[in-house]
Amino acid sequence: MRPETLEDWRATAQRLLPPSEEPLAFVVRETPIVVLLATARLQREEAVSSVEHFALRLIDALGAAGPWEVCRYLGIPPRLAQGLTQHLEAVGLTARGDGTEQVPSATGPVGQDDPELRLLPRAAITARGREVLAGGRLFTTTEQPVVLEFAQDPPFFIGVGPEHLSARRGERLRPVEIAEPLEAVLDALELPPAERAVAIGIGSELPHVDGTFVGLAASRRPEFRVPKSSRGVAVCAVLVRNASSNALLWRFLVAASGAPRRHPDAFAEAVARKWGEAPDVLAVLAGSAGAHAVRRPEDGVVRVGVGLDDLRQSMRSAGKPDDLWRAVDGLSPGWSGWVRLRPVPADAGVARAAVTLRIVRALRAPSRGLKALVDEAVTELRDHWGTELETPELTSLHDELWEHPDARRAICADRYTADLLDPYRPGAAQ
Amino acid sequence: MSIPFGDQLLRDGWLLPVTRGTAGAGPPIAVPTPSAQDLGVVTTERSLGHSGIRDALVSAVDTASRRVFVASWLLSDAPVVDALCRAAQRMKGGVYVITALAKQLHVEYPDGLDAEEEGDRASKTQQHLEQLRRLADAGVWLRSAEDVHLKLCVVDDAVAVLPSANLTPEALDKNPENGLVIRESSVVREYGRFFAHLFDEGCTQESPPGSQTELRTPARVTPSTWMPLSANGALVPVVTYRSHENSILKAALEVITSAREELVLSTYSIDGISGTPLGDAIKTAIGRLKRVTLLVRSRNHVREQRLALALFAAPDRRRRIVHVYGHPYTHAKLIAADGRRALLWSGNLEWRFGWTNGVELGVDVRDAAVASALRDHVLRIANEHPMELVVRPSLQQAAASGRQAPLTGDWTLELPAGVTDADWNAVTDGVRNEVVAIGFIRPKQILRIGNELLLDVNIDEDQRRLLVARIGRTKGTGPAYVRFFSRGTLSVVESRNMNDGGSSRGGFRSHARVRRP
C-alpha cells in the first residue's frame, strides 16, 4: 500500500532502513510520472571464444595474418577462418596496416590449403586485441530502445518502464510543455555516471537492461510522454541519524506502482541540498515547525522547551517519553514535511513535576523500591532531555506522590522496615 | 398412642429466658454503676448509647503521628476505617492491619456472627470487603492469616486498645463487649513488638497499599527468634502465639487458681472445655469458691456448647454456687478473680482454639480497680438479658420460655415416594426417640429432628401435612429452632406412589398413615 500519512512513512522507513538509523524528519510529495522514450547506448562485456583466442594468438605470433594462415595453422575450414578474421577486424582487435602483407615464416601448416585465401588481406593485432588476449574478455557497445520512467518534480529516475509503453499512445508533450526539470534530465543524461547518479538517480546501470548505460544514442531524438493511467509517484526524503557513525544522513524512499523501496542515498542528499540551501536542514525544518529548537549533536534530535501539559502528552506510558512529530510549514508547493521534536522541560519547576509524573507512571507496576525507581527515572529523563536534573529528596517526594494511589504502595514499602522492624530490634531506642 | 412432643426432653444444657416462677432463675446481680475508677476500661453497652471502644479506637488513631497497628478478624466499622484512612493520609502510610482477606472469608466465621445472623453473612462480607478496598486505596497495608483471631490497636507505641470486639458495626453498636486502653509505655511497646513480628513473619496473605485490594503472598523473610512478651507491673501482656508462646493459658490458670471467693467468667463460647486443663481448674474452683458466675452467648443451636454447659453446672447440683447467665449478643471476654485480678483477652473459653494454637492476645490485670471494673461490667451484661441455664429442659418448657412459639396438634409427615431405607429409618427412629427434639424452622420451612436430620418440607396447613421434598443431614450445628412442636403427635408416612398405586414397603407402612403405637 502506498504511504500517505506520516505514520505510513514512519512504518515504511522502519521497514526499509536499518534499525541503527532513526528518522528525524520526513519530507514527502506526490509527483506525476513521465516516461522518456529513447535509445540507450550500452556497453556490454563478452567472453572471447577459444577459436577467437587462438586466432588472436596466431596473428600476434606471426605479426600479421589473414584467413589463409588462420585456416592452415589452426586447421579450421576456410569459410570459418574467413569469417573469424573479419569479425576480429570488425570489433577492432586486428587492423590492416604496415607490414601486414609480409608472408610469415612459420612452422608447417596443418590445415587445408585454399589458394583463394592467399589473396585475402592480412591484419595485425591491435592494442585492444592485446588487452583482450591478456584478459580473455571483450567489450562491445550497442544501442537499444528503452522506456525510462522519471518523477517529474523533483526529476529523478524511477526505473525502466515496460516496453509496451513505447507502443501505447501516450500524450506527446509539445516542446514548450517540457518543464525545466525535464530539460535538466536531458542535460544530466550527458553527465558521467557518478554525477548523473547524483543529479537524476541514474548511475551506470538500468534495471532489467543488460549492459552498462553509457548515455543516449544520437540516432534517435528522445521524447517525453505522460502515461495516461499512472498514479504518479510518492517520494520521501528521510533525515536519519546513523547510530554507528553518529552522522545525519538523508535517505530516499519511493513508492510508485509496487511496494515502496529505497533509492540511492546520493540522490537523496542532492535533493535535500536543494531544499535546504542551508548548512543545517534540520534546524531549518524545525524552525519551520515553529520550534525554537536546540539540536544536540549527540543524537541530532531537536529539543523544544514546553510546559507540563505538553510534557505530559509525551509521558503517557511508564517507558521512555515519546518524541512529538510536528508538521513543517513553508515548504515548496506540493511538499509536506514533519520534524521530530523532543519536548523538554521549559524550566526547573516543570522538570521536577515531570520527574514526579514519570515516577508515578513507573509505580503502576513497581518491581523495586522507591529509591531505585527515582534514580532510574532521573537518569533516564536526564539522558532523554539532555538537561541537568537533580534527584529529588525522597521525603519531599512522599508528599507529592501520596496523592497518586499507585504510588502509595512504594512509599509504604519504603517505610516498612522503619515502622515494623527497626523499633523492635534488640537495643533499639524506645 | 401418640408421640408426646411437649414431654420430649431436650439434651444437655440450654440457656432459656428467665420466666416468672421458673425454678432456679438467676437472681439480679447488684453491680455498681461505672465511675471514674473505670479509667482505661472501655466497653460497648447498648444502654450507654455509644461505643466506648469505638471512641477509644478512633481517638487513639486520630492522634497517631508515626504508625498504627490494627488487628481484627473483621473490619467493617466505617468510623474506625475512616480514622485509619485519615491516619494513612496524614502520615503517608504507616498503617498496618491484620484482618481476614478474601480467601479467609470463605471459611467459617470464628465468632461474632451467630447462626441467626447467617442470612446477613453475605452482606456483612460485602461490607468488610468494601472497607478493605477503602483501606487499600488509602494506603493501608493489609495482611492476614487464618489462625489470627486477636483484636488489637497500637498507636505510636504510646497507646494500645485491647477490645474483645471485632471492629464491625454490629460488635461496636450491638454486642456487649469489653476492652482496655493501655498507656503504660513498656506494655504498649510489647504489644507493638508482637504485632510487628506477626505482621512481618506470621501472615500468609497480603494486600499491599494500592488503588484496589490485591491478594498475594508476602515476600519471604528469614524467621527470627520470638522473644516472649514481658513486662513488670499491674498490666502484664500475654499471648497465644502458635507454638512460640502460650502465656494466656498460664495467666488464665493463675487467675482461676488465685480466686478465693468468687470467679467471674465471660465468653462467647465454651465448647469442649470439659476435661481440659482449663476445665479442670474451673471445676476445682467450683468446689472451693462461694460463687462462680459464667456469662456466655446463648447459642442453643450448638450442641457442643449445650453439652459443655451441662457439664459446667454438673458439679454444683447441690451447693448452687454456679450461676450461668446467657445473653443473645454478648461477646465480652473475661476471667476475673475476686475483683482483684483479671484476664482480658481476645479468645474464648472454648478449648478448640486460642489456648495452645492460633493467635490471641490479652492482658493479665493485677490492678484491683481495673479488674473490679471489668468484673462489674460483665455482671451488668448478665443483668441486661437474664437467661438461665436449664439442663435437659422439656420441649414444653423450652417452648414456654418465650422465644419459640409452639406448634401444637397432630401432624403427618409424608416422606417422598421411594425413600431409601436409611432415610426412612433415620426419620422414624428420630421420631420414636423420646429425648430427641423436633424443631421447626418456619421461615425456611425446614423440619429438624434431633441434631442430624434436616427435612425440606412443604406445609399443607389445611390437611396438617408436612410434605418432605428432601432429606439432609447436619453435623450438629446449623440454624436454630424457631418453633417447637410442643404438644400433639407426629405421624410418619411415605407418599403414595401414583404409578404403582401404593407403597411397596412392608406391613409397617402398608397403610397410608402409620402411627407409632
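Modelled spin labels at B:ARG260 and A:GLU7, positioned 7 Å past Cα toward Cβ, are 9.0 nm from each other. Taking amide H as placed 1.01 Å from N in the peptide plane, B:LEU349 has its amide H under 5 Å from the amide H of B:TYR268, B:SER269, each at least 5 places away in sequence or on another chain. Karplus-based coupling profile of segment A:23-37, in residue order and whole Hz: x, 10, 7, 10, 10, 9, 7, 9, 9, x, 9, 10, 10, 10, 8, with θ = phi - 60° in 6.51 cos²θ - 1.76 cosθ + 1.60 and x standing for Gly or Pro.
Working from label points 7 Å from Cα in the Cα-to-Cβ sense, the B:ASP460 to A:THR391 distance is 8.5 nm. Tell me the label-point distance for the pair A:ASP383, B:ASP280, using the 7 Å Cα-to-Cβ offset, in nm and rounded to one decimal. The two pseudo-label positions are separated by 7.2 nm. Rounded to the nearest 0.05, the FRET efficiency derived from the C-beta distance between A:THR141 and A:ALA346 at R0 = 51 Å is 0.20. Scanning residues 5 or more positions from A:GLY305 or on other chains, those with amide H under 5 Å from its amide H are A:VAL344, with H placed 1.01 Å from N in the peptide plane. If the chain linking B:ALA314 and B:ARG352 were pulled fully straight, counting 0.36 nm for each residue of separation and taking away their Cα-Cα distance, it would gain 11.6 nm.
May I ask you to sort A:LEU182, A:LEU56 by Cβ crowding, counting other Cβ atoms within 10 Å and putting the fewest first? Can you show the working numbers first?
Details: A:LEU182 18, A:LEU56 22.
Result, fewest neighbours first: A:LEU182, A:LEU56.
Mind scanning B:LYS92/B:LYS250; A:LYS320/A:LYS371; A:LYS320/B:LYS92; B:LYS283/B:LYS333; B:LYS290/B:LYS333; B:LYS174/B:LYS283 and naming the pairs with a C-alpha gap bigger than 30 Å? Violating the 30 Å Cα-Cα cut-off are B:LYS92/B:LYS250; B:LYS174/B:LYS283. Centre-to-centre, using Cα atoms only, segment B:190-225 and segment B:273-340 are separated by 37 Å. Of the residues B:ARG380, B:ARG183, A:ARG251, the one with the fewest other Cβ atoms within 10 Å heads the list, and the complete ranking is B:ARG183, B:ARG380, A:ARG251. Amide H to amide H distances under 5 Å link B:VAL41 with B:VAL181, where only residues 5 or more positions off or on other chains count and H is placed in the peptide plane. Computed from backbone phi with θ = phi - 60° and the Karplus coefficients 6.51, -1.76 and 1.60, the 3J(HN,Hα) list for segment A:191-202 is 6, x, x, 4, 5, 5, 5, 5, 6, 9, x, 9 Hz; x is used for glycine and proline.
In segment A:327-430, a dipole from Cβ-located charges (positive for Lys and Arg, negative for Asp and Glu) runs towards its positive end, and of A:THR356, A:PRO423, A:ALA413 it is A:ALA413 whose Cα lies farthest in that direction.
Taking only the Cα atoms of segment B:136-239, the ratio Rg/Rh comes out at 0.99, with Rh defined as the Kirkwood radius. The alpha-carbon atoms of segment B:298-410, seen along their principal axes, cover 59, 30, 28 angstrom, with the largest extent given first. Can you give me the Cα centroid spacing of segment B:369-393 and segment A:394-414 in angstrom? When both Cα centres are located, 49 Å separates them.
Listed by Cβ neighbour count within 10 Å, with the fewest neighbours leading, B:MET227, B:MET387, A:MET315, A:MET1 appear as A:MET1, B:MET227, A:MET315, B:MET387. The relative contact order of segment B:272-368 comes to 27 percent, based on Cα pairs under 8 Å that sit 6 or more residues apart. Here r is the Cβ-Cβ distance between A:VAL51 and A:ALA184 and R0 is 41 Å; the resulting FRET efficiency, rounded to 0.05, is 0.25. Using R0 = 30 Å, the C-beta based FRET efficiency linking A:GLU403 and B:THR217 works out to 0.55.
Relative to the compact globular guide of 2.2 N^0.38 Å, what is the alpha carbon radius of gyration of segment A:191-251, as a ratio? Provide the component values of the computation, followed by the final result.
Values: Rg = 16.7 Å, N = 61, 2.2 N^0.38 = 10.5 Å.
Cα-based Rg divided by the globular estimate yields 1.59.
Taking θ as phi - 60° and the Karplus parameters 6.51, -1.76 and 1.60, the scalar couplings of segment B:292-297 work out to 10, 10, 10, 10, 9, 5 Hz in sequence order, x denoting glycine and proline.
Applying 0.36 nm per residue to the separation of A:LEU80 and A:LEU119 and subtracting their alpha-carbon distance, the gain on full extension is 12.4 nm.
Read-outs: derived from the displayed coordinates by stated rules, not from any lab. What you see is a predicted model, and the numbers here were worked out from it, not measured in a lab. Because the Cβ atoms are built from the backbone with ideal geometry, glycine has one as well, and the counts that use them run over all protein chains shown.
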